[in-house]
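The structure appears below as structure tokens.
The values are calculated or read from the model by the stated rules, or taken from the named source; none is laboratory data. For clarity, every value in this text was computed on a predicted model and none was experimentally measured. Reconstructed Cβ throughout: ideal geometry from the backbone, glycine too, with neighbour counts over all protein chains shown.
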Amino acid sequence: MKVLVPVKRVIDYNVKPRVKADGTGVDLLNVKMSMNPFDEIAVEEAIRLKEKGAATEVIVVSIGEPKAQETLRTALAMGADRAILVAAAQEVEPLGVAKVLAAIVGEEQPGLVILGKQAIDDDSNQTGQMLAALTGRPQGTFASKIEVSGDAVEVTREVDGGLETVRLSLPAIVTTDLRLNEPRYASLPNIMKAKSKPLAQKTAADYGVDLSPRLRTVQVAEPSKRQAGVKVGSVDELIDRLRDLGVAA
Ligand code: AMP
């Protein structure tokens, strides 16, 4: 069984994003970029399935600018077998990504596609669901446990009230939640080895997909600043303060 893992290059989760002065987006100039954290978890899970003998090949794919190659090489260094880079000059939207992925699914016929539940730059949480719709495959989103047995996969999902387990027949689409696993670090020898693993360069046109944006960002603004807290000397003083603020009667 092949496992396909889409990985997105995003602003590093440790970086505090700065909004551009003209409010058109987030400033990415000289900002550290990394693999979307949920995608690292997806790569890790795919590699574990291969190590357990449930998968035979792990293919990673990224749709983005040439620098997304670095993200793909990271996934190869973690243990993925080969990579596909689909060049995109502009920012890509979930529907465009899902269409490209659907075409790759058609070509590669993976038994499982494991995506992140969301990309931390756009927080869309849409691509996996759209891919499931486009390919007509069953989906298990927000996975905190994945177990492949025979021609089915059991996915434990993090839902509001607790955990829900669903059984999907393969081929299927899964999206990862934070508690699924802890991704490994790539060792130096594996980073070196990853340099010679195959990385195919494609364009969206190769898959017959038009990536032109369908959404327009109206405005991006910083969240309003939180006011500094105040220390009070006693419970009575706290109640007085709350009364002044109209929070307590
Ligand atoms: P989103 O729907 O944008 O929140 O993204 C959900 C997931 O879809 C991500 O965690 C990735 O696995 C995948 N994805 C989104 N955009 C891309 C992209 N440009 N290239 C590869 N995978 C992507």
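Would you pick out the residues in the range 3-27 that are within 16 Å of the ligand (Cβ to nearest atom) and in contact (Cβ under 8 Å) with a residue 40 or more places away in the chain?
First, the residues of the range 3-27 that are within 16 Å of the ligand (Cβ to nearest atom): 3-13, 17, 25-26.
Listed by number, the residues that qualify are VAL3, LEU4, VAL5, PRO6, VAL7, LYS8, ARG9, VAL10, ILE11, TYR13, GLY25, VAL26.
Please specify each residue of the range 105-118 satisfying the condition of being of a type in the set (Val, Ile, Thr) and more than 10 Å from the ligand (Cβ to nearest atom).
Our first condition is that a residue be of a type in the set (Val, Ile, Thr); within the range 105-118, this holds for 105, 113-114.
Matches in the range 105-118: VAL105 only.
Just one residue in the set GLU65, GLU70 is touching a Lys or Arg at 6+ places or on another chain (Cβ under 9 Å), over 19 Å from VAL3 (Cβ atoms) and within 12 Å of the ligand (Cβ to nearest atom); that residue is GLU65. Looking at the range 165-174, is at least one residue surrounded by 14 or more Cβ atoms within 10 Å (Cβ to Cβ), closer than 19 Å to MET35 by Cα and touching a residue at least 40 places away in the same chain (Cβ under 8 Å)? Yes, that holds for at least one residue. A search for C-beta distances below 7 Å between a residue of the range 51-78 that is charged (D, E, K, R) and any residue that is surrounded by 22 or more Cβ atoms within 10 Å (Cβ to Cβ), counting only pairs 6+ apart in sequence or on different chains, returns LYS67/ARG9. Scanning the range 124-138 for residues that are in contact with a helix residue (DSSP H, G or I) (Cβ under 8 Å, 6 or more places away or on another chain) and more than 16 Å from the ligand (Cβ to nearest atom) turns up just one, PRO138. Go through the residues of the range 48-61 one by one and say whether even a single one is over 15 Å from THR176 (Cβ atoms) and within 13 Å of the chain's Cα centre (by Cα). Yes.
Of the numbered criteria (1) among the charged types (D, E, K, R); (2) within 20 Å of PRO183 (Cβ to Cβ); (3) within 12 Å of the ligand (Cβ to nearest atom); (4) in contact with a helix residue (DSSP H, G or I) (Cβ under 8 Å, 6 or more places away or on another chain), the one ASP121 fails is (4).
Only a single criterion out of (1) small (Gly, Ala, Ser); (2) under 18 Å from the mean Cα position of the chain (by Cα); (3) surrounded by fewer than 19 Cβ atoms within 10 Å (Cβ to Cβ) is not satisfied by ALA119, namely (3).
Can you pull out the residues in the range 139-159 that are more than 16 Å from the ligand (Cβ to nearest atom) and either buried (at least 18 other Cβ atoms within 10 Å of the Cβ) or touching a residue at least 40 places away in the same chain (Cβ under 8 Å) (or both)? Write out each step before concluding.
Here is the first cut: in the range 139-159, the residues more than 16 Å from the ligand (Cβ to nearest atom) are 145, 147-154, 156, 159.
Residues satisfying the conditions are VAL148, VAL153, THR156.
When restricted to residues that are surrounded by 17 or more Cβ atoms within 10 Å (Cβ to Cβ) and either in contact with a Gly (Cβ under 7 Å, 6 or more places away or on another chain) or of a type in the set (Lys, Arg) (or both), the range 4-27 contains 2.
Looking only at the range 186-208, residues that are exposed (fewer than 10 other Cβ atoms within 10 Å of the Cβ) and either at pLDDT below 95 or part of a helix (DSSP H, G or I) (or both) come to 2 in all.
Residues in the range 28-40: is at least one surrounded by fewer than 22 Cβ atoms within 10 Å (Cβ to Cβ), within 13 Å of the ligand (Cβ to nearest atom) and either within 30 Å of VAL148 (Cα to Cα) or touching a residue at least 40 places away in the same chain (Cβ under 8 Å) (or both)? Break it down into steps so the answer makes sense when it comes.
First, pick out the residues of the range 28-40 that are surrounded by fewer than 22 Cβ atoms within 10 Å (Cβ to Cβ): 28-34, 37.
Next, only the ones that are within 13 Å of the ligand (Cβ to nearest atom) stay: 33-34, 37.
Right, trim to either within 30 Å of VAL148 (Cα to Cα) or touching a residue at least 40 places away in the same chain (Cβ under 8 Å) (or both) and you get 34, 37.
Within the range 28-40 (the criterion being surrounded by fewer than 22 Cβ atoms within 10 Å (Cβ to Cβ), within 13 Å of the ligand (Cβ to nearest atom) and either within 30 Å of VAL148 (Cα to Cα) or touching a residue at least 40 places away in the same chain (Cβ under 8 Å) (or both)), the answer is yes, since at least one residue qualifies.
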